[in-house]
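Nothing in this text is a laboratory measurement; each read-out follows from the coordinates by a stated rule. None of these values were measured; they are calculated from a predicted model. For neighbour counting, all protein chains shown are included, and Cβ atoms are generated from backbone atoms with ideal geometry for every residue, glycine included.
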């Protein structure tokens, strides 16, 4: 590929024009803006990574605390779970519903309460649930995989958002520059036509 058709080489020659360059001030401004946009995009990467790292540390502490405060036990259903239903439009089954169940705490105490049972679950089935220090059903603790996924999603999401903003700002500026250049070209063309008609 020749350097004349390479957009990166063309932009570089516009930023640092050699002798006899025909680059206009608006061309140099656009090339400089592109370089600045790329540099800002690269600078945003470690910032986004630091946010992801902070999220990882914070949620790792939360996960350890939840694991220390919650216990996994087996709960036996005292009634059938919700009947299986299918949504006609989506064609998928609905979610579970609270159902009466009983479970034993680590100290041997028997508890009765409602747990979330899947559709079609039958009386007598045993489900695995998490309970807090009082023995009441609780949400599952945040897993190690969940901590990593959240950290990656937040870091990558912030960086992609920064890229989107930078790209939108660059494209908007280029659009304005193109309109400015087009207006200049039209004015120059009209002046040239006027000069020809009067010569």
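Most exposed first by the Cβ proxy, i.e. fewest other Cβ within 10 Å, how do 126, 99 rank?
With the fewest neighbours first, 126, 99 line up as 126, 99.
Take residue 145, project a point 7 Å from its Cα along the Cβ direction, then tell me which residues of segment 35-75 have their backbone nitrogen under 20 Å from it.
Zone members listed by number: 56-57, 59-68, 71-73.
Which parts of segment 115-132 would a label at residue 138 reach, counting a residue when its backbone N lies under 12 Å from a point 7 Å out along Cα-to-Cβ?
Backbone N within reach: 130-132.
Please report Rg (one decimal) and Dmax (integer) in Å for the Cα set of segment 46-178.
22.8, 77
Using Cβ counts within 10 Å as a stand-in for footprinting exposure, how do 51, 175 rank, fewest first?
Result, fewest neighbours first: 175, 51.
Multiply the residue gap between residue 28 and residue 42 by 0.36 nm, knock off their C-alpha separation, and tell me the result in nm, one decimal place.
Full extension from residue 28 to residue 42 adds 2.9 nm.
For segment 71-140, max minus min Cα coordinate along each principal axis, in Å, sorted largest first?
That works out to 47, 22, 13 Å along the principal axes.
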